[in-house]
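To start, the structure itself, in structure tokens.
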Amino acid sequence: MKLFQPKRVFIEERALDYPLGQEIKERYELLDIPVKIIESHNRIDWGKKELSKKELFDLAKSTLVAGVKKTLKFQPCYPSADYRLVTSTSCPARCEYCYLSATLGSAVYIRVYVNIEELLAATQKHIDKSNKQITTFEASSSSDPLAVEHITGHLQQLIPFFAQQPNARLRAVTKFANVDPILNLKHNGHTRFRFSLNSDYVINNFEQATASMRERIEAAGKIQRAGYPMGFILAPLMIYEGWKDGYTEMLELLHKTLYNPETVELTFELIMHRFTTRAKNIIQARYPETKLSFSMKNREHKGFGKYVYDSDTAYELENFLRDKIEELFPQAKIEYFT
Ligand code: SF4
């Protein structure tokens, strides 16, 4: 797939004091992509007064903003890891169901932080004062870091940093496939990569501007051969006509691609599609033609305005996937179904 190229770039003035801020400025000026210096990465002036939700979303998703992360504190990230490690927010993909895109509101532009050395120093301090034997950090709680790796190179700094940490581990998750720059890094098994996978139907209909199922599986094969611990997030699991065939095809291709699939230690996280009434309204405004099903036919209310599949449907989905995974990857650990 083609790597993200913004249509416009905003750079916070302070970000120019950092090498990455300068590099981003020079790179996009050379490419004749409009670059504007701004006061704060939190305040973007789009230059137009009346923008519909859809217009604002389209503008934001094609905009790169480079800024300095001022808050170097670490928020908890249950259940994925102990803490979030935020080096960017949002991402260039347009997954129609995306929870992150819905919660970011107008700040859904692709923001990258340029002060990575300061972030690494703060991470080191946090690890040193942690009373846990192993402290874990999630790099993908606010973005898909691989989606902007060609712009930031952040993973190429984070992975060797964590390789040297006896008491800390990094986790990342992606829907992208541009893994080549990280294959030869020294990682010491301290970074776990998870690929977010789905059937062709879900990816083709609802995950615009991400890598295809085949590209992600091929990238997973490369990551496995590079010796990284690895896992898969199957999400959002959807019921549609032919879903069993779609998920079987995906798991069989994965089985064919991975080395020693019967003995490899993998993790699987299974998350069914869910939505809130608020997210549904945002999605329908941004994607008026969406084919996402918000039908209440096989749904139940989970509280706080959230809807998931009803228990019979969820039971069928869970059992089908558990059986398939156990058959193809007997050593894999299914961490949860939710
Ligand atoms: S790749 Fe992840 S963060 Fe980006 S739009 Fe899709 S679901 Fe959201």
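Relative contact order, whole percent, for the chain stands at 14, derived from Cα pairs under 8 Å and 6 or more residues apart. Separation of the stretch 74-147 from the stretch 320-338 is 28 Å, based on Cα centroids. Across the options I24, P229, L51, the greatest Cα extent toward the positive end of the charge dipole of the stretch 8-337 (unit charges at beta carbon of Lys, Arg, Asp, Glu) belongs to L51.
Each 5 Å bin from zero up to the one holding the largest Cα-Cα distance in the stretch 202-338 carries the following percent of pairs: 2, 9, 18, 21, 19, 14, 10, 6, 2, 0. Amide H contacts for R169 (H built 1.01 Å from N in the peptide plane; partners 5 or more residues away or on another chain; cut-off under 5 Å): T135, T136, F137. Under 5 Å from the amide H of I11 lie the amide H atoms of K36, I37, I38, A66, each residue being 5 or more positions distant or on a separate chain, with H modelled from the backbone and absent for Pro and chain starts.
Could you state, as a whole-number percent, how many of the C-alpha pairs of the stretch 193-270 are farther apart than 16 Å?
When all Cα pairs of the stretch 193-270 are counted, 47 percent exceed 16 Å.
For the stretch 236-247, putting each phi into the Karplus relation 6.51 cos²θ - 1.76 cosθ + 1.60 with θ = phi - 60° gives couplings of x, 6, 10, 9, 8, 5, x, 4, 5, 5, x, 6 Hz, in residue order, rounded to whole numbers and with x for Gly and Pro.
Here the dipole of the chain is about 900 debye; that uses its Cα centre as origin and unit charges on the Cβ of Lys and Arg (positive) and Asp and Glu (negative). The candidates D144, D180, arranged from most to least accessible area with a 1.4 Å probe in the full protein assembly, appear as D180, D144. Per the Debye calculation on the chain with a single equal scatterer at every Cα and no solvent contribution, log₁₀ I(q)/I(0) for q = 0.07 Å⁻¹ amounts to -0.30. Among the cysteines of the chain, those with no neighbouring cysteine Cβ under 4.7 Å are C77, C91.
Excluding ligands, DNA and RNA, the accessible surface per residue across the chain is 48 Å² with a 1.4 Å probe. Put simply, the amide H of L237, placed in the peptide plane, has neighbours under 5 Å in I271, M272, H273, leaving out anything fewer than 5 places away on its chain.
When the accessible area of the stretch 8-337 is split by element with a 1.4 Å probe, what percent falls to carbon and sulfur?
49 percent
Dipole of the stretch 1-102 computed with +1 at Lys/Arg Cβ and -1 at Asp/Glu Cβ about the Cα centre; of Y78, F10, V65, farthest Cα towards the positive end is Y78.
The values are calculated or read from the model by the stated rules, or taken from the named source; none is laboratory data. This is a predicted model, so every value here is computed, not measured. A quick note on method: Cβ atoms are made from the backbone with ideal geometry, for glycine too, and the neighbour counts reach across all protein chains shown. SASA here: full protein model, heavy atoms, side chains in, ligands and nucleic acids out. Shrake-Rupley method; radii C 1.70, N 1.55, O 1.52, S 1.80 Å.
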